[in-house]
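Structure, as structure tokens:
None of the figures in this text is laboratory data; all of them are computed from the coordinates on show. These numbers were taken from a predicted model, which means no experiment stands behind them. For neighbour counting, all protein chains shown are included, and Cβ atoms are generated from backbone atoms with ideal geometry for every residue, glycine included.
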Amino acid sequence: MFNIVLVEPQIPPNTGTIGRLCVNLGASLHLIKPLGFDIDDKAVKRAGLDYWNKLDLKVWESFEEFLEVHPIDENSHLATTKTDNIYFEATYKKDDFLIFGSETKGIDEKVLKDNPSRCVTIPMGGAGRSLNIAISVGIVTYEALKQNYDGFKKITIDMKD
């Protein structure tokens with residue numbers, strides 16, 4: 001369905017929650033090192049519940065390594081607060097890469113500046129700086145699903161495996 005990319009995630013429960021979302025949508029989760037936790041961390045698995053073993057997980061050693069295989073192109077969407085491109089005005093296709101930076105740093109500004117047309121943001125009121133990454137991933141991913149819902153099949157998971 002989609003590819004959710006977390007660049008240097010720092011908080012295990014956020015990643016676990018996003019992993020659970022990925023399983024329920026049939027999306028792949030790409031984690032870019034360095035990670036702020038061990039993937040086997042109890043907090044990751046607790047947030048992901050018993051979905052974690054069903055997750056299509058890919059771990060990359062660096063953002064550069066990821067970009068060598070998946071360069072930023074028309075199938076990439078860079079989530080950031082540093083653009084005026086609203087996420088629901090973007091066009092999403094199946095198998096697109098929805099890329100989110102770490103909770104503390106976001107995506108490298110050079111990458112954003114080199115790809116301004118690929119940047120998307122979630123509108124917010126003036127009182128806050130940003131949203132929790134798990135919430136942001138959910139908002140953007142469900143807009144992508146909305147645009148590609150035709151033919152979406154509910155994923156059946158046998159939780160006994």
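Assorted remarks:
- Helical runs (DSSP H, four residues minimum) scored at -39500 (n - 2.57) apiece and divided by the length of the chain put the mean residue ellipticity at 222 nm at -9000 deg cm²/dmol.
- Prolate/oblate/rounded label for the stretch 60-105 (Cα gyration tensor, a/c 1.5): oblate
- Computed over the chain with a Gaussian network model linking Cα atoms closer than 10 Å, the most mobile of Ile133, Ile99, Ile122 is Ile122.
- The stretch 76-151 pair-distance distribution - Cα-Cα, 5 Å bins, rounded %: 3, 15, 29, 26, 18, 6, 2, 1
- Pairs beyond 19 Å (Cα-Cα), from Lys54/Lys146; Lys94/Lys146; Lys33/Lys93; Lys82/Lys146; Lys93/Lys146: Lys54/Lys146; Lys33/Lys93; Lys82/Lys146
- For Ser62, distant residues with modelled amide H under 5 Å away: Lys33
- Formal net charge of residues neighbouring Ile32 (Cβ-Cβ distance under 15 Å; K, R +1; D, E -1): -4
- If you take the Cα centroid of the stretch 123-137 and the Cα centroid of the stretch 18-32, the two points sit 20 Å apart.
- Those aspartates and glutamates that a straight Cα-Cα span of less than 15 Å connects to Lys113, excepting residues fewer than 8 apart in one chain: Asp73, Asp84
- Estimated vicinal HN-Hα couplings, Hz - the stretch 63-70 in sequence order (Karplus 6.51, -1.76, 1.60; Gly, Pro = x): 5, 4, 4, 4, 5, 5, 8, 10
- Solvent-free Debye scattering, log10 I(q)/I(0), computed from the Cα coordinates of the chain at q = 0.09, 0.13, 0.17 Å⁻¹: -0.27, -0.58, -1.01
- Under 5 Å from the amide H of Val120 lie the amide H atoms of Leu78, Ala79, Thr80, each residue being 5 or more positions distant or on a separate chain, with H modelled from the backbone and absent for Pro and chain starts.
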